[in-house]
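Each value in this text was obtained by applying a stated rule to the coordinates, not by laboratory testing. Because the structure is a prediction, the values reported are computed rather than measured. Counting neighbours? That spans all protein chains shown, and the Cβs are built from the backbone with ideal geometry, glycine included.
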Amino acid sequence: MKWTVAAVYTGQGLADPLKKIFDELLPDCRLVNLIDDGLIHDVVRAGEITPLVSKRLLTYYRNAEELGADVILNTCSSVGEAVDRARPFVSVPIVKIDQEMALEAVSRYARIGVIATLPTTLQPTKALLLSQAEAIGQKVALADGLATGAYDALVAGKPEEHDALIANAAASLAGSVDAIVLAQGSMARMEAALREKTRKPVLSSPRSGVMAVKRALESLS
């Protein structure tokens, strides 16, 4: 059976890396991308998920349902709460890209550093980690690693500065944590370099998120 997965993006940059993972893990899957790069700008500007952002996301999830998606992949960690609110109104399963990563992190490590380039991603990721820990009866301590200025550097076309600020944030946490979680899927390309720099386990979401999609599809068989 040929499955269809709809991936919903709030920004540019992650679609191509995710396509490569889908090609590896789900080569026969039909992948449809729904991208609205204005969503993340609205979240950043407001500092939160506004009702209008939630409404637009629900529209995209319903669009995915209408185009025949068997599973929807929400690729943005900043809008996880909107996914939770939307689920009762969509019959198609919605997978959060970072949920599997969060579960792995709290299952294996007690002290976790969370790296993000935006407060609007940092706080939802921390909330997800805590909820996953509570669900399995684990106690975890979280440390903030906000790479201040990294998002602005990336938007300004300065990827080297963006990467350096993230590396500095990771290095500042390394001595006080057991592992580091990358809150944004777009940072996955830095996983190996950060692991080498910090000598700590580093977890990112894209691969584990696609694995969660694969399991969701298999459960429908």
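Show me the trypsin sites (Lys or Arg not before Pro) within the range 161-217 that DSSP assigns to loop and that have at most 16 other Cβ atoms within 10 Å of their Cβ.
Listed in order of number, the matching sites are Arg199.
For helix 51-66, what angle does its Cα long axis make with the longest principal axis of the chain, in degrees from 0 to 90 and rounded to 10?
50
State to the nearest 20 debye the size of the charge dipole of the chain about its Cα centre, where the only charges are +1 on K and R beta carbons and -1 on D and E beta carbons.
340
Between their Cα atoms, which of Lys2/Lys126; Lys20/Lys139; Lys55/Lys214; Lys158/Lys214; Lys55/Lys158; Lys158/Lys197 are more than 30 Å away from each other?
Lys2/Lys126; Lys20/Lys139; Lys158/Lys214; Lys55/Lys158
Helix-only estimate, please: 222 nm mean residue ellipticity of the chain, summing -39500 (n - 2.57) across DSSP H runs of length 4 or more and dividing by its residues, to the nearest 500.
For the chain, the value works out to -16000 deg cm²/dmol.
With angles folded into 0 to 90 degrees, how steeply does helix 119-135 sit against the dominant principal axis of the chain? Use alpha carbons for both and round to 10.
Once rounded, the angle reads 80 degrees.
Within the range 1-77, list the trypsin sites (Lys or Arg not before Pro) lying in a DSSP loop whose Cβ has at most 10 other Cβ atoms in a 10 Å radius.
Lys2
Going by alpha carbons, how many degrees (0 to 90, nearest 10) lie between the helix axis of 99-108 and the longest principal axis of the chain?
Roughly 40 degrees, rounded to the nearest 10.
Once phi is turned into θ = phi - 60°, what whole-Hz ³J(HN,Hα) does the Karplus curve with 6.51, -1.76 and 1.60 give for every residue of the range 42-48, x standing for Gly and Pro?
After applying 6.51 cos²θ - 1.76 cosθ + 1.60, I find 5, 5, 5, 5, 7, x, 6 Hz.
When DSSP assigns beta bridges and you keep just the ones with both residues in the range 65-207, what percent turn out antiparallel, to the nearest 5?
Within the range 65-207, antiparallel bridges account for around 0 percent of the total.
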